[in-house]
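What follows is one structure encoded as structure tokens, with my remarks underneath.
Taken together, the values in this text are just the output of simple stated rules run on the coordinates, not laboratory data. Note that the structure is a prediction, hence the values are computed from the model and not measured. All Cβ positions, glycine included, derive from the backbone under ideal geometry; neighbour counts span all protein chains shown.
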């Protein structure tokens, strides 16, 4: 965080607390007004003005007490020795100072002297409890306010941290995905295949999608299906008719929201670590079903590796996807299964279970 950002944050915090004390003033004034209204005094208007005048003093003194004096004492344990001075000073302000503020209002013809005290002691005996009560009440309310604000800030920090981690995981997925795609095009160009220009066109579609769509928090499932189809078309260019690819989907609502590039890593793994290493009858079978906010995604592909060899290679990208799912959804299942000639991946998500 640079100096300007820190300064702006401090200023924002300062204005936020000023606004808090203004709201406290309005609340106190409203209570005073309601009490005067219930009493039904003939001097309602002067009493309301008197309350406003006294509340100006109370709010200002409490503001300096809780925002400057107490934080000053908390900064160092050595300052505890001056605490008695601060206590005496604020007791004076909430008693003599409070009563003197009333006297100043009378002299300025802003405060109406509706009640005459026989002595200063009588005046202080009434004003001191009111001033002390305001400090206790504002202190309690401020404590709960700061507690709630701290919880909100902690929640916001957690969300920002998760978003940063999610963006980092996506930043790993995208280059990995593009690297594998470029390798496919390179192999076509190296063989001087007539399909190289078409593959570049397919790549441009993928790049356009990744540049303009994947930065969004959500996309429609129809867009994710389109990118899967484009990727399949690009992969097919590398293989002859021996490769069998079947992508079947049944989606109740094609506008259903989903996180971008959440399904493509499983499809990519099927080609990269399955089909490309299968010599006889390679195949990829993809099934997607979404109904009642429940997503079921199954990818099945051929293989010729030994189970222990495949398990290490086939699962590339799965830990990344697993962590993304943990950051996005509460209810999901990601699992894989290896048989002698097949590798299967299962993904189930409750799309309504956002974190």
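In Å, what is the Rg of the alpha-carbon atoms in region 3-116, and how long is Dmax?
Radius of gyration, then largest Cα-Cα span, for region 3-116: 17.9, 57 Å.
Rounded to the nearest 0.05, what FRET efficiency do residue 346 and residue 152 give with R0 = 25 Å and r taken as the Cβ-Cβ distance? Could you check?
Rounded to the nearest 0.05, the efficiency is 0.05.
Any idea what the relative contact order of region 3-116 is, in percent, if you count C-alpha pairs under 8 Å spaced at least 6 apart?
Dividing the mean separation by the residue count of region 3-116 yields 28 percent.
Fewest Cβ neighbours within 10 Å first, please rank 332, 19 accordingly.
19, 332
Quick one: if you stick a label point 7 Å off each Cα along the C-beta vector at residue 130 and residue 218, how many nm between them?
Here the modelled spin labels are 5.4 nm apart.
Note down the nm distance, to one decimal, between modelled labels 7 Å out along Cα→Cβ at residue 248 and at residue 145.
6.3 nm
If you rank 275, 26, 299 by fewest surrounding Cβ atoms within 10 Å, what's the result?
26, 275, 299
Going 7 Å from the Cα of residue 19 along its beta-carbon direction, which residues of region 108-152 have the amide nitrogen within less than 12 Å of the resulting point?
none
What is the order of 109, 218, fewest Cβ neighbours within 10 Å to most?
In increasing order of surrounding Cβ atoms, one gets 109, 218.
Just to be sure I understand the model, the point goes 7 Å from the Cα along the line to the Cβ. What's the resulting residue 103 to residue 68 distance in nm?
Output for this residue pair reads 2.3 nm.
Want the number for residue 237 to residue 298: 0.36 nm per residue separation, take away the alpha-carbon distance, what's left?
19.6 nm
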